[in-house]
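S.K.: Below is a structure I'd like to ask you about.
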Amino acid sequence: MGTPAVSIGDLLADDNDVYRAFALDGHRRNGKIRARAFYRESQHTDGLSVGLSATAAVAHLTTNHGYCSLRVQKVHALPESLQVRSDPQEAGHGLIHNVPCIDSPDDSERKAAELVAGKLARCAVLVTDKPYIPVREGPEPHPPLS
Amino acid sequence: MSTLPHATVKPLNYQTSAQGLAEPFMADVEEVFSALDKIADNEKLYRPGDPKPSPENINWAKRVLLRVLPSYYLRGAEIEPLGGEIHATWEGSDKRVVAYFPRPDAVKVYYEQIVDGNVAYHDLKNVTPAGLSGILAWFFKK
């Protein structure tokens, strides 16, 4: 008997872009992306959430304050062994694995989390600092019958 | 009795090593404490379900930041919660300092310096209020 195998999703190719939504106003300031936008909290057990599209990045947020893009190659090139993978549980969703937790009781992990968050913020490109509301796809609803 | 030749008296020229300091200092300090007062009620700082800092932790952060000397080092600090903790962040063009107040009686500080786009130096320490002032002196030094 052993531990059940955990499906971690496919490693994304370096030439992909992924998207990180700004869940809070303080994730960007004066046109700059702040390290806080890349804080991973321990409640996010699988990794740091990203979208494979901008729409997927904001899908689970009730509000957002814009989003940024990240070239996967830049993340994989960091010396911290981060891996950008698809999320096998949800199409269109991805996870950055090996991101340390900012709220760790272990100071060395918190220090690493702050370092990584700063590096990811510098790798990222601001797309918009305005709320992003995806356009719904599909047929227009029928006008009400008069 | 001789008098000072007024023409030779130069105006006082106060100088500081802090980055871009401008009067009034008190308004900057007030802003920080006002942000701490409002931190639990400012819904812009939270996602649904995020825990808020306890009143005890808010008081602890105030007590520590009140002891930062000189008080103008508080200028530009962003006060934000995270998972019940309080963070005070200073961000400059090449330096960043984050003071964490995870619970009453604990203060940790992360600080880093960027040179040519790379992290040249970084560390995280448990500090006293005096230690925090020292790191902020480094942050504000040009």
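S.K.: Add +1 for every Lys or Arg and -1 for every Asp or Glu among the other residues with Cβ under 12 Å from the Cβ of A:V75, and state the total.
M.R.: Computed value for this residue: +3.
S.K.: Quick check: the distance between the Cα centres of the stretch B:121-142 and the stretch A:1-80, to the nearest angstrom?
M.R.: 30 Å
S.K.: Given the -39500 (n - 2.57) contribution per DSSP H run of 4+ residues, what per-residue ellipticity at 222 nm results for chain A, rounded to the nearest 500 deg cm²/dmol?
M.R.: So the calculated ellipticity at 222 nm is -5000 deg cm²/dmol.
S.K.: Something else about it: First compute the accessible area of the protein assembly as shown with a 1.4 Å probe, then give the percent of it belonging to carbon and sulfur atoms.
M.R.: 53 percent
S.K.: Can you quote the Å³ per residue value for the convex hull of the Cα atoms in the protein assembly as shown, rounded to an integer?
M.R.: 248 Å³
S.K.: With every protein chain present, what is the per residue accessible area of the stretch A:17-128 (1.4 Å probe, Å²)?
M.R.: Averaged over the residues of the stretch A:17-128, the accessible area is 41 Å².
S.K.: While we're on this one: Of the candidates A:S108, A:S69, A:S86, which one comes out as most mobile in a Gaussian network treatment of chain A with C-alpha springs shorter than 10 Å?
M.R.: Looking only at A:S108, A:S69, A:S86, the biggest GNM fluctuation is shown by A:S108.
S.K.: In addition: Holding the Cα-Cα limit at 26 Å, pick out from B:K44/B:K125; A:K32/A:K111; B:K38/B:K142; A:K32/B:K142 the pairs that are longer than that.
M.R.: B:K44/B:K125; B:K38/B:K142
S.K.: As a test of reading the structure, rank A:H93, A:H60 by solvent-accessible area (1.4 Å probe, protein chains only), most first.
M.R.: In descending accessible area the options line up as A:H60, A:H93.
S.K.: Still on this model: Grab the eigenvalues of the alpha-carbon gyration tensor for chain A, scale each by 5, take roots, and send me the semi-axes largest first in whole angstrom.
M.R.: Over the Cα atoms of chain A, the ellipsoid semi-axes are 28, 20, 15 Å.
The values are calculated or read from the model by the stated rules, or taken from the named source; none is laboratory data. Computed from a predicted model, the values in this text were never measured in an experiment. Don't worry about glycine lacking a Cβ; one is built from the backbone with ideal geometry, like all the others, and counts go over all protein chains shown. To get the accessible areas, we keep the full protein, side chains included, count just its heavy atoms, and leave off ligands, DNA and RNA. Shrake-Rupley method; radii C 1.70, N 1.55, O 1.52, S 1.80 Å.
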